[in-house]
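This report concerns only the one structure given below.
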Amino acid sequence: MWRKRPAEAETWLVRGVLLGGESAPLRSAPADRARVGVRWAVLMGMRHPAAVDWTDPVRGAAEPTPPNTALAHAETAYRAALRAAAELAVHGTAADLLAAESARPRQRVRALCRHWIPRLRDELAALELALEESEHEEAVRRRWAATRRGG
């Protein structure tokens, strides 16, 4: 869609310039400008651009209109191309941000598997060995105490 719209607008602009002259587009451009706003949303706990709020420029009553229909079509086509570009930018940015966010947990899991889990297993094994030795020592003390009472 993004590639189609500018090509269509360019075709209408060339036709309009051929019909009205090189200065025709400048003379008929509205003084007001289009306004683009971005609405944000939250997904997976991450803020990202979600949609485009678009306001077309308003031509004043005293401002000249395009001198031929080709320029009117070009104006409409350029507005559509700009709207498509803004939507592409919003969706592309959202996709990039969400892809980066989804890669972070993988990195964390990898760090856990490579570093933390082996270290914690080693510490657990050392604690289990110390506990086993302590239980063995306690059992030896009980036997020794039992033999001293009985003997």
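Using a probe of 1.4 Å, the accessible surface attributed to Glu137 totals some 100 Å² when neighbouring protein chains are kept in position. Within the accessible area of the range 7-106, the carbon and sulfur atoms contribute 61%, probe 1.4 Å, all protein chains present.
Look at the dipole of the range 1-145 built from charges on Cβ: of Gly16, Pro6, Val52, the Cα furthest out on the positive end belongs to Gly16.
If the viscosity is 1.002 mPa s and the temperature 20 °C, what Stokes-Einstein diffusion coefficient in µm²/s follows for the range 57-112 when Rh is the Kirkwood radius over Cα pairs? Answer, rounded: 142 µm²/s. Normalising the Debye intensity of the chain to I(0), with uniform scatterers on Cα atoms only, and taking log10 at q = 0.15, 0.16 Å⁻¹ returns -0.92, -0.97.
Summing charges over neighbours of Ala103, with a neighbour being any other residue whose Cβ is under 13 Å away from its Cβ, gives +2 when K and R count +1 and D and E count -1.
Rolling a 1.4 Å probe over the protein chains gives Arg83 an accessible area of about 80 Å². Solvent exposure of the range 15-151, expressed per residue, is 75 Å² of accessible area, with all protein chains present and a 1.4 angstrom probe. The local environment of Arg83, defined by Cβ-Cβ distances under 11 Å, has a net charge of -1 under the rule Lys, Arg +1 and Asp, Glu -1.
As a rough guide to protection, the peptides 50-62, 70-82 ranked by mean Cβ packing within 10 Å, highest first, stand as 70-82, 50-62. The C-alpha atoms of the chain define a longest principal axis, and helix 117-150 lies at about 20 degrees to it.
The values are calculated or read from the model by the stated rules, or taken from the named source; none is laboratory data. Computed from a predicted model, the values in this text were never measured in an experiment. Positions of Cβ are backbone-derived with ideal geometry, glycine not excepted, and every protein chain shown enters the neighbour counts. Surface areas here come from the heavy atoms of the whole protein model, side chains and all, with no ligands, DNA or RNA. Shrake-Rupley method; radii C 1.70, N 1.55, O 1.52, S 1.80 Å.
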